[in-house]
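This report refers to the structure that appears directly beneath it.
The values are calculated or read from the model by the stated rules, or taken from the named source; none is laboratory data. Predicted, not measured: the structure shown is a model, and the values here were computed from it. A quick note on method: Cβ atoms are made from the backbone with ideal geometry, for glycine too, and the neighbour counts reach across all protein chains shown.
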2 protein chains.
Amino acid sequence: MSKEPTEKTHVVWHKSTIERPRGCVVWFTGLSGSGKSTVANAVDAALHQMNVSSYLLDGDNIRHGLNASPEILEPVHGAEFAKRFGLGFAAQDREENIRRIGCVAEIFCASGTLALTAFVSPYRRDRNLVRSAVTATGGEKDFVEVYVDTPIEICESRDPKGLYQMAREGKIKNFTGINAPYEAPENPEIHLDGSQPVERLAMQVIDYLKSIGKLSG
Amino acid sequence: MSKEPTEKTHVVWHKSTIERPRGCVVWFTGLSGSGKSTVANAVDAALHQMNVSSYLLDGDNIRHGLNASPEILEPVHGAEFAKRFGLGFAAQDREENIRRIGCVAEIFCASGTLALTAFVSPYRRDRNLVRSAVTATGGEKDFVEVYVDTPIEICESRDPKGLYQMAREGKIKNFTGINAPYEAPENPEIHLDGSQPVERLAMQVIDYLKSIGKLSG
């Protein structure tokens, strides 16, 4: 192809795929009510203000689309399709939930964006599989695990969606922290004390990202 | 939360989720060998040079991760998981393939990026479901369907992966254009004559995106 700029758009045509510097995946994990989403949102806003390209993946943009439930999929795609691909809360479904989110986060990372994710993601193995996939393509610094470590008493006292109460009443089975395990990260890049104010926690994350050279954009 | 800048990062903390202008989804469709990926890559490179945030979703970054085959998933996730979530080429699998890609493209669009996708996507219904999802959240201009209309004789003569030959020999079943249908878009935003040079086709796409105000970034 010609490399001369065209008159109309001043674009130089290149044959090869363009090279982009990778972003990274900032993976928040912790109990429901631990403050994951709140801190991740504050980090996202701070990065936006610093002109660093970032995006937050959380229940709001994942649960109704990519990882929709069988109930959401069935009217459009039929019962058999919905049963196969729709995600509930069984072990296999949770594993696929985290797998798909990890893949999307990796694509954002490859695009040069800092992908922030805020999901309970209670299983060490699932989180480590995402870490392996992301760091295998990029480097060690491309996956930053953030453990939002908040005592369950605080999480339960917040209970913004009333989920802990429902779990205590037996209306929700397999609720992490009540009747399903949470496997805390063993060597998270960032360990946050979730009882601290959100501004302080977000700053800790920003400072870490700076220290590993991810905020040069 | 305080809105005072902190000394350390000069960041103003906001409580609410930040508002981003949406990008859009530029959906290339056409036969294998039609030139979808080549044109999409050229558009991606041009946008990059114009400092417009864009990213190309294609087989390279989707097929080995998000939409991996059962064969790829099985060693890590087990046979039952792989059979359920892994994607082959059956009708249901193709439908889920396009659904997941559409959801990822919509997330990129929501993040303010121009998501380019290059997949055969032979079924009108599947493409229209993505269009509906993207435009329902955003507006009519958020989904741009690009029909790369290349005579099958040209596609077959290119045959970069030898797929047409294998299909002709009966080694691939359900190959679009040979023994599976391709449903051409009825009202694509952009109709490209795939026999033309790639620079000209890419320019047509860039000009269209300009005309609808998507290149202001």
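Points to keep in mind about this one:
- Qualifying position, being at pLDDT 95 or above and out of contact with any Cys (no Cβ under 7 Å at 6 or more places or on another chain), among A:19, A:7, A:71: A:71
- Qualifying residue in the stretch A:103-110 (condition: crowded, with 16+ Cβ neighbours inside 10 Å, closer than 21 Å to residue A:71 by Cα and under 11 Å from the mean Cα position of the chain (by Cα)): no
- Just one of the numbered conditions (1) out of contact with any Lys or Arg (no Cβ under 6 Å at 6 or more places or on another chain); (2) within 14 Å of chain B (Cβ to nearest Cβ); (3) surrounded by 19 or more Cβ atoms within 10 Å (Cβ to Cβ) is not true of residue A:146: (2).
- Enumeration of residues in the stretch B:205-215 that are surrounded by 14 or more Cβ atoms within 10 Å (Cβ to Cβ), out of contact with any helix residue (DSSP H, G or I) (no Cβ under 7 Å at 6 or more places or on another chain) and within 11 Å of chain A (Cβ to nearest Cβ): B:209, B:210
- Meeting the requirement of 3 or more residues that are closer than 21 Å to residue A:24 by Cβ, the helices (runs of 4 or more DSSP H) wholly within the stretch A:121-171 are A:124-137.
- Scanning the stretch B:199-217 for residues that are among the polar types (S, T, N, Q) and out of contact with any strand residue (DSSP E or B) (no Cβ under 8 Å at 6 or more places or on another chain) turns up B:211, B:216.
- For the stretch A:55-85, residues that are exposed (fewer than 15 other Cβ atoms within 10 Å of the Cβ), under 28 Å from residue A:110 (Cβ atoms) and touching a residue at least 12 places away in the same chain (Cβ under 8 Å) total 1.
- Scanning the stretch A:79-102 for residues that are under 18 Å from residue A:117 (Cα atoms), more than 9 Å from chain B (Cβ to nearest Cβ) and basic (Lys, Arg) yields one hit, A:94.
- Within the stretch B:27-43, being surrounded by 24 or more Cβ atoms within 10 Å (Cβ to Cβ), within 21 Å of residue A:21 (Cα to Cα) and not small (Gly, Ala, Ser) holds for one residue alone: B:43.
- Residues in the stretch B:111-126 that are within 14 Å of chain A (Cβ to nearest Cβ) and closer than 23 Å to residue B:53 by Cα were compared, and the one that is surrounded by the fewest Cβ atoms within 10 Å (Cβ to Cβ) is B:112.
- Of the residues making up the stretch B:86-101, those that are without any contact (Cβ under 8 Å) to a residue 40 or more places away in the chain, within 18 Å of residue B:123 (Cβ to Cβ) and buried (at least 16 other Cβ atoms within 10 Å of the Cβ) are B:87, B:93, B:94, B:95, B:96, B:97, B:98, B:99, B:100.
- For the stretch B:58-95, the tally of residues that are touching a Leu at 6+ places or on another chain (Cβ under 6 Å) and not aliphatic (A, V, I, L, M) stands at 3.
- Test: residue in the stretch B:54-72 that is more than 10 Å from chain A (Cβ to nearest Cβ), in contact with a helix residue (DSSP H, G or I) (Cβ under 9 Å, 6 or more places away or on another chain) and more than 30 Å from residue B:181 (Cβ to Cβ): no
- Flag if residue A:183 is of a type outside the set (Ser, Thr, Tyr) and either without any contact (Cβ under 8 Å) to a residue 12 or more places away in the chain or within 11 Å of another protein chain (Cβ to nearest Cβ) (or both): no
- Pick from the stretch A:127-157, criterion free of Cβ contacts under 8 Å to residues at least 12 places away in the same chain and among the acidic types (Asp, Glu), ranking: farthest from residue B:54 (Cα to Cα): A:153
- The stretch A:81-91: number of residues that are at pLDDT 95 or above and assigned to a helix (DSSP H, G or I): 5
- Neighbours by Cβ (under 6 Å, 6+ apart or cross-chain): first from the stretch A:8-30, at the interface with chain B (Cβ under 7 Å from one of its Cβ atoms); second modelled with pLDDT of 80 or more and surrounded by 20 or more Cβ atoms within 10 Å (Cβ to Cβ): A:9/B:206; A:11/B:46; A:14/B:45; A:17/B:41; A:18/B:45
- Where residue A:78 falls short, out of the listed (1) on the phi < 0 side of the Ramachandran plot; (2) at pLDDT 95 or above: (1)
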